[in-house]
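S.K.: Here you go, one structure.
A short reminder: the numbers here are calculations on the coordinates, not readings from a lab. The model shown is predicted, which means the values in this text are computed figures rather than measured ones. Every residue, glycine among them, receives a Cβ derived from its backbone with ideal geometry; neighbour counts consider all protein chains shown.
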Amino acid sequence: MKRWFWTLDGLAVISFVVIGADTHGFTYGIAEIFRVAMPFLIALGGGIIALRVWKRPLSLFNGFLLGATTLGGGMLLRHHVWSDGTARTFVLVSGAYFVALMVGWRLVVHAIVWLKIRSLSADAAH
């Protein structure tokens, strides 16, 4: 369980690029999707290492910090290394998306675990 969490966070980044491209009418191939996503994927990897997320991958706080780190680091890399735009609305939308998804999937897991424990407790009471 502790080794797959990064996949969902990475999919959050990839899905943002795919949805953004579609919204703006771009037709991206796989290579272009990864080119646009790369600064954010690098920032995500750096955040995972810096925050040592693997120790508590389901922590909601870690999800929030990882979303913020992915946003901040990704925008810095996008602007300074990739020389791509970082318009204010782009920063706000991507920040909201990253935090919502990186906290959101963790909330779903917590809810599933809670429901399972509740169900087991109810079964044991009968």
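S.K.: Just one of the numbered conditions (1) touching a residue at least 24 places away in the same chain (Cβ under 8 Å); (2) closer than 22 Å to Thr7 by Cβ; (3) among the basic types (Lys, Arg) is not true of Arg52; which one?
M.R.: Of everything listed in (1) touching a residue at least 24 places away in the same chain (Cβ under 8 Å); (2) closer than 22 Å to Thr7 by Cβ; (3) among the basic types (Lys, Arg), Arg52 misses just condition (1).
S.K.: While we're here: Can Val53 be described as over 16 Å from Arg78 (Cβ atoms) and in contact with a helix residue (DSSP H, G or I) (Cβ under 6 Å, 6 or more places away or on another chain)?
M.R.: So Val53 fits the description; yes.
S.K.: I'd like the full set of residues that are surrounded by 11 or more Cβ atoms within 10 Å (Cβ to Cβ), free of Cβ contacts under 8 Å to residues at least 60 places away in the same chain and either aliphatic (A, V, I, L, M) or not in a helix (DSSP H, G or I) (or both), limited to segment 1-10.
M.R.: Lys2
S.K.: Under 15 Å from the mean Cα position of the chain (by Cα) and not aliphatic (A, V, I, L, M): does that describe Gly47?
M.R.: yes
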